[in-house]
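The values are calculated or read from the model by the stated rules, or taken from the named source; none is laboratory data. From a predicted model like this one, the values you see are computed outputs, not experimental measurements. In this analysis, Cβ positions are derived from the backbone assuming ideal geometry, glycine residues included, and neighbour counts consider all displayed protein chains.
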Amino acid sequence: MTGPGPTGDQLALVACGAPLAARVPEVAALAVAAGWDVRVIATTAAMGWIDSAELERVAGFPALVEQRQPDQPKRFGPPARVIVCPATFNTVNKLVAGIADNYAAGFLCEALATGTPIVIVPMVSTKLWGHPVWQRNLDALTSAGVTFADVQTGQAGTPAPVESGTGDQVAAKFDPSWAVALTGSPAQKS
């Protein structure tokens, strides 16, 4: 990311490795329709679910998975807003701990540190939800200004777990407009 502040109407859509990643092209298309210049940053695990050709068609750019090489120009400036859809247990915990061991995690750590508005749609199973660090990390991110959206209802606030083994069904019922609605449009950015 370059420069001191958000760049125009750029929105970063970060995708992690969970079944909901298959819906990323739809979220990107709705964000573009709302007026955002969308860049998708995906973990390596997310790419197994994402239709890369469809994503590039709707967003105009391929997903960014790896950090750029030193001899390559910066790919885009700081976004005005960030959507993480889906966010995994791993990525949320890394974000709170400040672990930047891959491009998506490092990007999110920088966005949080600079106060960029972030909407997170966690897709975390009931098998992990009760882990002792989980609620503490949700609370820490909420205190830092992150907005959570429930993957099953789209409601902002406290998200709920996904019943283990139902990820594909939850992803199929997810309405991509939920994340975009909580992000707003470029005209509404602060």
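Observations on the structure shown:
- Any hit, the range 151-171, residues being farther than 20 Å from ALA46 by Cα, among the β-branched types (Val, Ile, Thr), out of contact with any Cys (no Cβ under 8 Å at 6 or more places or on another chain) and at pLDDT 95 or above: yes
- Here ALA42, ALA104 are screened, and the one residue that is in contact (Cβ under 8 Å) with a residue 40 or more places away in the chain, closer than 29 Å to ALA160 by Cα and in contact with a Ser or Thr (Cβ under 7 Å, 6 or more places away or on another chain) is ALA104.
- 1 or more residues at pLDDT 95 or above, of a type outside the set (A, V, I, L, M) and buried (at least 18 other Cβ atoms within 10 Å of the Cβ): qualifying helices (runs of 4 or more DSSP H) within the range 17-120: 24-33, 89-97, 103-113
- When the range 145-174 is limited to residues that are over 18 Å from PHE89 (Cβ atoms) and either hydroxyl-bearing (Ser, Thr, Tyr) or in contact with a Lys or Arg (Cβ under 9 Å, 6 or more places away or on another chain) (or both), the one that is surrounded by the fewest Cβ atoms within 10 Å (Cβ to Cβ) turns out to be ALA172.
- ALA181 being in a helix (DSSP H, G or I), closer than 18 Å to LEU11 by Cβ and free of Cβ contacts under 8 Å to residues at least 40 places away in the same chain: yes
- Considering (1) farther than 23 Å from LEU95 by Cα; (2) of a type in the set (S, T, N, Q); (3) not in a loop (DSSP other than H, G, I, E, B), the lone condition that THR142 does not fulfil carries the number (1).
- So LEU128, is it over 16 Å from the mean Cα position of the chain (by Cα), of a type in the set (A, V, I, L, M) and in a helix (DSSP H, G or I): yes
- Matching residues in the range 30-50 - criterion: being of a type outside the set (Val, Ile, Thr) and under 8 Å from ALA15 (Cα atoms): ALA42, ALA46
- Check on ARG68, free of Cβ contacts under 8 Å to residues at least 12 places away in the same chain and within 28 Å of GLY145 (Cβ to Cβ): yes
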